[in-house]
1. How large is ³J(HN,Hα) for each residue in region 42-55, as worked out from phi by the Karplus curve 6.51 cos²θ - 1.76 cosθ + 1.60 (θ = phi - 60°), to whole Hz, x for Gly and Pro?
2. Given the pairs LYS15/LYS45; LYS45/LYS71; LYS15/LYS56; LYS15/LYS85; LYS32/LYS71, which are separated by over 22 angstrom at their Cα positions?
3. Computed over the Cα atoms of region 7-97, what is the ratio Rg over Rh, Rh following Kirkwood?
4. So for ARG18, ARG29, fewest C-beta neighbours within 10 Å to most, what's the order?
5. Relative contact order (percent) for region 14-55, with alpha-carbon contacts under 8 angstrom and 6 or more residues of separation?
6. For region 7-97, what relative contact order do you get, as a whole percent, if you take Cα pairs closer than 8 Å and at least 6 residues apart?
7. Which ³J(HN,Hα) values in Hz, rounded to whole numbers, follow from the phi angles of region 61-75 under the Karplus curve 6.51 cos²θ - 1.76 cosθ + 1.60, where θ = phi - 60° and Gly and Pro get x?
8. Pick out, from PHE46, PHE26, SER91, the residue whose Cα sits farthest towards the positive end of the charge dipole of region 7-97, with +1 on the Cβ of Lys and Arg and -1 on the Cβ of Asp and Glu.
Amino acid sequence: MSERDLSDQEEIHSKVLRAGRRTYFFDVRSTKAGDYYLTITESKKFTHDDGSFHYKKHKIYLYKEDFEAFKENVEEMMDFIINEKGSEVISERHQKDFKKEEVVAEIPVENTTTSTSSFTDVSFEDI
């Protein structure tokens with residue numbers, strides 16, 4: 001790979017937004033022609049039972065010709081959500097004082113003698 005190719009992939013400007021298990025990276029990069037574009041990367045951490053972990057990443061490439069329409073759509077969707085549901089977070093899991101044990105304790109146990117055989121007897125003919 002040439003020195004020019006490496007410089008094309010360098011970040012010109014970056015910003016990080018940490019949001020719980022997710023991290024969002026906003027990176028301005030340069031095209032081969034010297035113009036700029038934006039990449040938005042969502043990185044989510046997954047922890048395995050043995051303590052090891054891995055990250056899943058999703059990336060969006062956003063070019064200048066799409067900025068205005070993208071911005072309008074994001075603003076419209078955010079306004080819709082706020083107007084329909086308000087700005088308060090509804091999910092207990094996302095509250096600052098959330099404790100997993102409390103939620104588990106709130107789940108009522110109705111039938112403790114349920115057989116697991118119904119979960120494994122799947123007929124694909126019904127689908």
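1. 9, 10, 10, 8, 10, 9, 8, 4, 7, x, 6, 8, 9, 10
2. On the way: LYS15/LYS45 19 Å; LYS45/LYS71 27 Å; LYS15/LYS56 19 Å; LYS15/LYS85 29 Å; LYS32/LYS71 25 Å.
From LYS15/LYS45; LYS45/LYS71; LYS15/LYS56; LYS15/LYS85; LYS32/LYS71, over 22 Å: LYS45/LYS71; LYS15/LYS85; LYS32/LYS71.
3. Details: Rg = 16.9 Å, Rh = 15.9 Å.
Here the Rg-to-Rh quotient is 1.06.
4. Values: ARG18 9, ARG29 17.
Exposure proxy ranking, most exposed first: ARG18, ARG29.
5. On the way: 61 pairs, mean separation 12.4, N = 42.
Worked out over region 14-55, it gives 29 percent.
6. On the way: 113 pairs, mean separation 15.4, N = 91.
Once divided by the residue count of region 7-97, the mean separation gives 17 percent.
7. 9, 10, 9, 3, 5, 9, 3, 4, 5, 4, 4, 4, 5, 5, 4
8. Of the options given, the answer is PHE46.
Only the coordinates and a few stated rules stand behind these numbers; no lab work does. Note that the structure is predicted; figures quoted are calculated from it, not measured. All Cβ positions, glycine included, derive from the backbone under ideal geometry; neighbour counts span all protein chains shown.
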